[in-house]
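One structure below.
The values are calculated or read from the model by the stated rules, or taken from the named source; none is laboratory data. Every value quoted in this text rests on a predicted model; they were computed, and no experiment measured them. Positions of Cβ are generated from backbone atoms using ideal geometry, with glycine treated the same way; all protein chains shown enter the neighbour counts.
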Amino acid sequence: MAPTTRSKQSSPTPDLPTSSTTAIQTLSSSPARMRPREGSRTRQEEVFDAKYAVDLATTTVDENVFLFVPNLIGYTRVILAAASLYYMPIHPKVCTVLYAVSCLLDAVDGQAARALGQTSKFGAVLDMVTDRCTTACLLCFLSTAYPRLQLLFQFLITLDFSSHYIHMYSSLVTGSSSHKTVTSDVSRILWLYYNDSRTLFLFCFMNELFFVCLYLNAYWVKPISPSFSLPSVLLSSDLALSRPWLFMHVERTLRNATWPQLAGIAAAPWMIGKQIINCVQFWKASKILVGVDLAERQAAREAAAHKSRGQ
């Protein structure tokens, strides 16, 4: 389980073994290094003592989670994202390449972690935080490129951060090993979203593609084909003959359209779907936390009633 930041002042820590296997076995079995989770209703749920976990991470030398291959990929993502932000206002093509590679590596680190047996809680959190921050930074830039849509971008940033934060917190409260572990009886939509890595990647990729296209649209003015015309089969159809103005409008629009505009239109439904999923995620996590509150309040009332009867 992950170390909690709500630990009280712990007792002086004994000498720590430098062998990771010995240290972890000792950490898992020694009651001096385990404590009940604060606020636990049963007082039987135990978590690692934060002070001891910090010391273990500091002194263990033969296994460094910070240097796991998937985490190194995560650091590379951060560096590429930071570089893309530097080039964002001055060089759109370089920015897009750096940002795209950073996002595509998101699909690599998880596979590397599973293949090498290097899955870690630190890596999972690093991955999610990187996703949230890179998207937020891009939306901040878009709010300056499209001032009239500034409020919308602010809302999307807020929704993205808040929905993932409350979802992760609810998963910790309920003892889930990962925020991606969602059962269908809790939410069918979230189960379909998180249970299939291909679905998850597709929604995330198309969501980022839409915002990247918005970014490029502010700079890309060259149309795809100024001489484009609809096929003669379409123009001679009954629908075209009855509504020629519609086909003329479509033809004129496609002549003036740019690649970012067409790609953005294709990605728009996925982006909208991603925001709906964020709303569902926020609502379901809120209900979980409220349910936990109600259960704890009921247990507290029962404990108080039992105590009063005992007196």
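Residues of the range 116-130 include at least one that is small (G, A, S), in contact with a helix residue (DSSP H, G or I) (Cβ under 8 Å, 6 or more places away or on another chain) and assigned to a loop (DSSP other than H, G, I, E, B). Would you please list the contacts, defined by Cβ atoms under 8 Å and residues six or more apart or on different chains, that run from a residue in the range 108-120 that is at pLDDT below 90 to a residue that is exposed (fewer than 15 other Cβ atoms within 10 Å of the Cβ)? Correct list of pairs: G110/S197.
Of the residues making up the range 93-117, just one is within 19 Å of M206 (Cα to Cα) and of a type in the set (K, R), namely K93. Taking the criterion of being surrounded by 18 or more Cβ atoms within 10 Å (Cβ to Cβ) and touching a residue at least 60 places away in the same chain (Cβ under 8 Å), the residues of the range 174-196 that qualify are S187, L190, Y193.
When residues in the range 152-173 are screened for being more than 22 Å from V292 (Cα to Cα) and free of Cβ contacts under 8 Å to residues at least 24 places away in the same chain, 6 of them pass. Checked against (1) touching a residue at least 24 places away in the same chain (Cβ under 8 Å); (2) within 29 Å of V108 (Cα to Cα), T199 passes all but a single condition, namely (1). Looking only at residues of the range 126-162 that are small (G, A, S) and under 17 Å from E208 (Cα atoms), we find that the one that is surrounded by the most Cβ atoms within 10 Å (Cβ to Cβ) is S143.
Take the residues of the range 269-288 that are of a type in the set (A, V, I, L, M, F, W, C) and surrounded by 15 or more Cβ atoms within 10 Å (Cβ to Cβ): which is farthest from the chain's Cα centre (by Cα)? Taking the candidates together, the pick is I288.
Just name the residue that is surrounded by the most Cβ atoms within 10 Å (Cβ to Cβ) out of those in the range 55-103 that are part of a helix (DSSP H, G or I) and polar (S, T, N, Q). Of everything passing the filter in the range 55-103, S84 is surrounded by the most Cβ atoms within 10 Å (Cβ to Cβ). If the condition is being free of Cβ contacts under 8 Å to residues at least 24 places away in the same chain and not basic (K, R), then the range 121-151 contributes V125, V129, C140, S143, T144, P147, L149, Q150, L151.
Matching residues to (1) assigned by TED's automatic domain parsing to the domain that holds R188; (2) among the small types (G, A, S); (3) within 30 Å of P223 (Cα to Cα); (4) touching a residue at least 24 places away in the same chain (Cβ under 8 Å):
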{"residue": "R252", "(1), (2), (3), (4)": "no, no, yes, no"}
{"residue": "N256", "(1), (2), (3), (4)": "no, no, yes, yes"}
{"residue": "W259", "(1), (2), (3), (4)": "no, no, yes, yes"}
{"residue": "K274", "(1), (2), (3), (4)": "no, no, yes, yes"}
{"residue": "A299", "(1), (2), (3), (4)": "no, yes, no, yes"}
{"residue": "K307", "(1), (2), (3), (4)": "no, no, no, no"}
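One residue alone among F210, F161, F153, F205 is more than 26 Å from H91 (Cβ to Cβ) and touching a helix residue (DSSP H, G or I) at 6+ places or on another chain (Cβ under 8 Å), and that residue is F161.
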